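Reading through the structure tokens given below for one structure.
The values are calculated or read from the model by the stated rules, or taken from the named source; none is laboratory data. Bear in mind that the values here come from a model prediction, so they are computed numbers and not experimental data. In this analysis, Cβ positions are derived from the backbone assuming ideal geometry, glycine residues included, and neighbour counts consider all displayed protein chains. Remember, those area values only see protein heavy atoms, side chains included, never the ligands or the DNA or RNA. Shrake-Rupley method; radii C 1.70, N 1.55, O 1.52, S 1.80 Å.
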Amino acid sequence: MNVSPGAKLLHYEISASIGKGGMGEVFRARDTKLGRDVAIKVLPEEFVKDAERLGRFEREARVLASLNHPRIASIYGFEEVEGSRFLVMELAAGEDLSDRIRRGAIPVDDAIEIAKQIADALEAAHDKGVVHRDLKPANVKVDENGNVKVLDFGLAKALDSEEGDSDFSNSPTMVRAATHAGMILGTAAYMSPEQARGKRVDKRADVWAFGVVLWEMLTGRRLFEGDTVSDTLAAVLRADPDWSQLPPDTPPAVLRILRRCLVKNPGKRLRDVGDALVELQDDTQEMPGASSARANETARPRRFASLVPWLIAVVAIAIAAALVVTRRGGGGDLPLRKLTIIPVVDADAVAGGELSPDGKRVAYLAFNAIWIRDLDRATPRRVTESKGFGRTTYTWSPDSQWLAFVNDEKLWKVKVDGSSPTMICEIPTARRSIASAWDRRDRITLGQWRGGLLEVSANGGTLRELMKAPDDLIDYHTLALLPDGTSILGSAHLVGDASRVDVIRDGKIVTKLALVDGHHSSARYSPTGHVVFARHPRRGVWAIPFSLDKLQATGEPFLIDADGFAPSVSTDGALVYSRNVERRPGRVVRVDMTGSVTGTVGEPGEGLSLPLLSPSGTMLAYTQDEKDDANLWTVNLASGATRRVSDAKGQETADAWSPDGARLLVSRRRPEDWSSPENGLYFADLAGGGDLVRVNDGFMGQLLADGAGVLYTKFGIRNDDRLEWTAFEKGSKPRPFSESTKRARSAALSPDGEIAAFLSDDSGSNEVWAARFPSGEQRTQISRGGGAGMRWSRDGKSLYFRYQDSIRVVSVTRGASVSFSAPKQLFDGKAHDLDVSSGFDVLPDGSGFVTVQSLPLEDAAMVYVQNWFAEFEKR
């Protein structure tokens, strides 16, 4: 098939040819389905015609598609049209490293930064058993901000002529000698000696190539050169580097790395590129977590790999700080100053930060820890680990010297000088806190989840109820002080489809404010005379003029940043907010019992969650965010065909498949309006067109084993959810699952319908329990320290649940009584970039799971603006 600009392959519109090589021709294309630009690599005809090689390529491509790393260009899919086969890949921005080197040697500091990112990418791939085999400057992209993407990981092996064949002459970048001589020379110059001899290679070949690329960046010239391929390979095999060619300011650590990488005997060469990364990082100032990583040598390579993006943040901050623009504006003599902090957004990094009142520091969550960044320093520091489930709230003391935070069902405080945290009080799960504010009287106010306000002295004491939630209020999801130091702005989530901001003094609502139509949160007072807030969903950061005397808005709202989220304001008029973080991209993947990815399902998308396999295992239902809603989709696992079940407003999740796979039990709810009459359980008839038929007003339902009824959660606005069940026969009334189980929800029925696992805080904390169904007898606590998201194996002998970022399992023994083994952790999802908190399901054969793998947030950032109003006061 002739592919050229203007052609269309499936839903990909070809716009331009990017390049041509032994691995095929690459085109720029537009994915019209997902609305993004991609790279299309059309495979050479000789590979497509070789059925054995093509089959092996498909197997290898599945492994390559599992690589999920910000420094590795992703593979999105492998498609076929009219006999042509092509890869769909991430379109990496920037220029080839080879083009940059042609302009001359790269400054030492810049070369080191690029090398760190290349090493980070290689280490991540090696951890998954993938060897690049063709690392060279032409396979490295560097954008204008210095961010690196490594291309064509593992394709040399995937396109090789024969399983296990290492002969370089058969490498796809070494074929077509007559037409691609220049490209052949380019590949030969980076081959390891064992690769040049045609021997089997492993990750040490990449270590060699890494050393060669680093040398070339520092010197601006090839390490091994020759007029022919044979001459170049002879130089690789016999010539030694001329160390005098390196720049005189080459750091000793870099010289040491080069000497260890460029050892011709692979047995004596640096074994792991992660060790090179450690040395490069040790040569710079210490980064967050470095000391703990050294303390645990077995975890060192992965820990340091996860911290490399912080180094990128340092570079971005330095560049941004150099671009300071000075103006006079609403903040008096303060300049308008912008920095972009790029927090590494891993699988659970929380969007947004808390700016200290004096505007000198920002606190935020990342890597399961709370971090503080002093804005006059480049390196953030970890305050404490973050444990438990749900949102962790934290707040600054008025003097900016302390940070209070909720962690592991306790309220703590820690001094910013690095002292150990001190516990203030315990917080029962039933009174879980989601918002906090520390006032000038040294009192800390906590907003309860689905409740009112609590209060405790910052010096410790008894937690007391400050204010009951009014009948029209669900909870306050952010609290912020007004300038008097005691009054609070509370962003309220209301019963019904609305939000508002309350001014609260001494536990009483003084003023109720409706800032804009729709939903808003994170209201903070700015000394410029505004309330800054975020609109939802995905509608940006806004401000509205506000009078402290009248406690009311005095003008119209205006937009600060359309891509902003979760603002925070200091007393000097500085502003911090996050950009492009509200919905994380991901994809559904198959994993084995160790968490290793074995395959992908469907297309990547935003906000993928709650995958649910059909009884036969041939269909998968999942939820995907779309604009303002989260709709339900299905995918045929054999054909890959996807289908939207419905496009109703709100959020839809698949709760259960009917035994024949023809219907889905669906929860539909509008999270901003718990009283909506549209909320409830529905049946989606997939064979009949997907029309939804209402069942009742419950949610999170489970079909009874005989399909004749449903067990479901009955929502209680004051954290008093309960489990009910009912038969489908006419006139059947709802019955409680267990009168003695308080605040129970989210049941999971065993395949035979005899045991119900569910969540409850009967023990004082939110745990997984199980009991006989429908009697509620033999209640047993399963988890210790928390749990959620229960799933059963198809034979009912194992119960799986999520504990923080991991999946745990208990064995179930039946008899006159039911017993459960102690929970055993199978794997930590974060170690595999898995977001198990988005949901998982058990494969029918019990060999593993389907879950969500997080993809990089390309443009995620945290923005700091000093004197933010200077941009707007002239408008």
Task: Dipole magnitude of segment 458-542, debye to nearest 20 (Cβ charges: Lys/Arg +1, Asp/Glu -1, about Cα centre) - done: 220 debye
Open item on the list: Can you tally the net charge around Lys136? Count Lys and Arg as +1, Asp and Glu as -1, for every other residue whose Cβ sits under 15 Å from the Cβ of Lys136.
Closed with: -1
Task: Inter-site label distance for Ser763 and Asp231 at 7 Å from Cα along Cβ, in nm - done: 7.4 nm
TODO: Would you kindly derive the ³J(HN,Hα) couplings of segment 222-230 from the backbone phi angles with the Karplus curve 6.51 cos²θ - 1.76 cosθ + 1.60 (θ = phi - 60°), listing them in order in whole Hz, with x for Gly and Pro?
DONE: 5, 6, 10, 9, x, 6, 10, 4, 4
Task: Given charges at beta-carbon only (K, R positive; D, E negative), |dipole| of segment 499-608 in Debye - done: 220 debye
- [ ] Might you work out the accessible area of Glu724 for me, using a 1.4 Å probe with all protein chains in place, and round it to the nearest 10 Å²?
- [x] 20 Å²
TODO: Pop the C-beta distance of Asp99 and Glu79 into the FRET formula with R0 = 25 Å and round what comes out to the nearest 0.05.
DONE: 0.25
Open item on the list: For segment 786-875, what does the accessible surface come to per residue with a 1.4 Å probe? Please give it in Å².
Closed with: 38 Å²
Open item on the list: Applying a 10 Å radius around every beta-carbon, put 770-779, 471-480 in order of their mean neighbour count, most first.
Closed with: 471-480, 770-779
- [ ] Using the Karplus curve 6.51 cos²θ - 1.76 cosθ + 1.60 with θ = phi - 60°, work out ³J(HN,Hα) for each residue of segment 608-617 in order, rounded to whole Hz, and write x for Gly and Pro.
- [x] 5, 7, 6, x, 9, 7, 6, x, 7, x
Open item on the list: If you roll a 1.4 angstrom probe over the protein chains with everything in place, what fraction of the accessible area of segment 440-576 belongs to carbon and sulfur, to the nearest %?
Closed with: 46 percent
Task: Positive-pole candidate from Ser436, Ser457, Pro470, dipole of segment 433-502, charges at beta carbon - done: Ser457
Task: Other-chain or far-sequence residues with amide H under 5 Å of Leu513's (modelled H) - done: Val501, Asp502, Val503
Open item on the list: Just to be sure I understand the model, the point goes 7 Å from the Cα along the line to the Cβ. What's the resulting Asp549 to Ser817 distance in nm?
Closed with: 7.3 nm
Task: Environment charge at Leu10 (Cβ cut-off 13 Å; Lys +1, Arg +1, Asp -1, Glu -1) - done: -2
Open item on the list: I'd like the Karplus ³J(HN,Hα) series for segment 553-562: coefficients 6.51, -1.76, 1.60, θ = phi - 60°, whole numbers in Hz, and an x wherever there's a Gly or Pro.
Closed with: 5, 10, x, 9, x, 9, 7, 8, 8, 5
TODO: Rounded to the nearest 0.05, what FRET efficiency do Asp110 and Lys20 give with R0 = 45 Å and r taken as the Cβ-Cβ distance? Could you check?
DONE: 0.95
TODO: Taking H placed 1.01 Å from N in the peptide plane, check which residues at least 5 places from Gly848 or on another chain put their amide H under 5 Å from its amide H.
DONE: Leu843
TODO: Rounded to the nearest 0.05, what FRET efficiency do Leu34 and Asp358 give with R0 = 51 Å and r taken as the Cβ-Cβ distance? Could you check?
DONE: 0.70
- [ ] Just order 104-112, 600-608 by mean Cβ neighbour count inside 10 Å, highest at the front, would you?
- [x] 600-608, 104-112
Open item on the list: If amide hydrogens are placed 1.01 Å from N in the peptide plane, which non-local residues have theirs closer than 5 Å to the one on Val495?
Closed with: Leu473, Ile474
- [ ] Pop a pseudo-label 7 angstrom from the Cα along the beta-carbon direction at both Gln781 and Asn696 and give the gap in nm to one decimal.
- [x] 2.9 nm
